[in-house]
Amino acid sequence: MSIKGKVQQITEIEEKGNFRVRKLVIETFEKYPQVVALDFTQNNVGLLDDSVCKVGNNVEVFYNVRGRAWENREGKTLWFTSLQGWRVREYREEIAVEAQSPDREDDLPF
C-alpha cells in the first residue's frame, strides 16, 4: 500500500534496547487532508535520511499495516495498529494531457 502527502515532520531515532524507530509525519493531498504518522523501524530508519525526505517535500510512502492485541493487568484486551513504512520516493502530481493543452478543433491533420 502507499500514501501520498507533504512531509510535515521527521522525528529523531528512538532506541529501546535493540529496537529502533523513527516517525515520518505527512499531510495527505485529499479534499479533507489527514495528518498521518508512519513508523520506520530497525534498518529502515536510515531511509528518512534521504534527500527526498525533507520537510515540505511531496512524497509517496509505501507501508504495511501492522496490528496486535495486548491484555492489560485488569484482563482487558487493547488493540494497537501501526503503519510501518519501508520505502519513500519523491511524488510529482501527474497532470492529464487534456488538462495541459487547450482544446483545439482546428489542429486536425486533414
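The values are calculated or read from the model by the stated rules, or taken from the named source; none is laboratory data. On a predicted model such as this, the values are computed, not experimentally measured, just so you know. When we count neighbours, we look across all protein chains shown, and the Cβ atoms used for this are built from the backbone with ideal geometry, even at glycine. Heads up: the accessible areas ignore ligands, DNA and RNA and are worked out on the full protein's heavy atoms, side chains in. Shrake-Rupley method; radii C 1.70, N 1.55, O 1.52, S 1.80 Å.
What residue, among those in the stretch 29-43 that are out of contact with any Lys or Arg (no Cβ under 7 Å at 6 or more places or on another chain) and of a type outside the set (A, V, I, L, M), is nearest to Arg66 (Cα to Cα)?
Checking each candidate, the answer is Asn43.
Of the residues in the stretch 12-41, how many are more than 18 Å from Glu90 (Cβ to Cβ), within 14 Å of the chain's Cα centre (by Cα) and in a loop (DSSP other than H, G, I, E, B)?
3
Just checking, which of Gly67, Gly75 is at pLDDT 95 or above, of a type in the set (Gly, Ala, Ser) and outside any strand (DSSP E or B)?
Result of the check over Gly67, Gly75: Gly75.
Select from the stretch 27-68 the residues that are open to solvent by less than 30 Å² (accessible area, probe 1.4 Å), closer than 22 Å to Lys16 by Cα and among the hydrophobic types (A, V, I, L, M, F, W, C) and list them in ascending order.
Leu38, Phe40, Val45, Leu48
Gly85 - would you say it is open to solvent by less than 60 Å² (accessible area, probe 1.4 Å), under 26 Å from Glu15 (Cβ atoms) and assigned to a helix (DSSP H, G or I)?
no
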